[in-house]
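Values quoted throughout were computed directly from the atomic coordinates according to the rules given, and no laboratory measurement underlies them. Every value quoted in this text rests on a predicted model; they were computed, and no experiment measured them. For neighbour counting, all protein chains shown are included, and Cβ atoms are generated from backbone atoms with ideal geometry for every residue, glycine included.
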Amino acid sequence: MVDNIKLIISSEKDKIAGYMSTIRLTTSSIASNIGFDIDEIDDIKVSLGEACTNIIKHGLNEGEGKIEIEYNIYNDKLTIIVKDTGKGFDTSKIKDPNIEELNESGLGIFIIKSLMDEVNILSSDNNGTEIVMTKIKNV
């Protein structure tokens, strides 16, 4: 059986970042209840933080914004789905960064893929973006 928890944050774009501590605490609690160790919980929190940062920077239009975070909780894994209702983007343009030419930004998706076991990104013009990431519990 799958348990499901959903957070919907609807606010002005500039204020959404203020809810990140609530998102991190919720994520820590859920991951801890499943039995993830502290390092795995940190990986999950960093990945979710990167996904939310990308949405705030690139996915939301000015003014009112909305982020949905859905936690699908299994005995041995946690799947988190992060959605926005923004403009979307062409996912074929996602490339791994050039290590020799690292910038301060542009690493979010690379970091998520490095820390999570499974990552899928679905996006289309004017329909927003959905990032699905799964962390499997080490046994």
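Distance between the 7 Å Cα→Cβ label points at residue 64 and residue 17: 2.3 nm. For the stretch 3-136, what does the alpha-carbon gyration tensor say about shape, rounded, prolate or oblate, given a ≥ b ≥ c as the root eigenvalues, a/c under 1.5 as rounded, and a/b over b/c as prolate? Because a/c hits 1.5 or more and a/b fails to exceed b/c, the stretch 3-136 counts as oblate. Extension gain, residue 28-residue 10: 0.36 nm per intervening residue step, less the Cα-Cα distance, totals 4.3 nm.
The local environment of residue 31, defined by Cβ-Cβ distances under 15 Å, has a net charge of -4 under the rule Lys, Arg +1 and Asp, Glu -1. Across the stretch 38-54, rounded Karplus estimates of 3J(HN,Hα) from the backbone phi angles (6.51 cos²θ - 1.76 cosθ + 1.60, θ = phi - 60°) give 4, 5, 5, 4, 4, 4, 5, 5, 4, 4, 5, x, 5, 4, 5, 4, 4 Hz, Gly and Pro being marked x.
In sequence order, the stretch 27-37 has phi-based couplings of 4, 4, 5, 4, 5, 5, 4, 6, x, 5, 7 Hz under the Karplus curve 6.51 cos²θ - 1.76 cosθ + 1.60, θ = phi - 60°, and Gly or Pro positions carry x.
Here's how it looks for residue 86: its modeled amide H is under 5 Å from those of 128, 129, which are all 5 or more places away or on a different chain.
When the C-alpha to C-alpha distance is required to be over 18 Å, the pairs from 57/87; 15/135; 13/57; 6/45 that qualify are 15/135. Note on residue 127 and residue 76: the model spin-label points, each 7 Å out from Cα along the C-beta direction, lie 3.3 nm apart. With contacts taken as Cα pairs under 8 Å at a separation of at least 6 residues, the stretch 3-136 carries a relative contact order of 28 percent.
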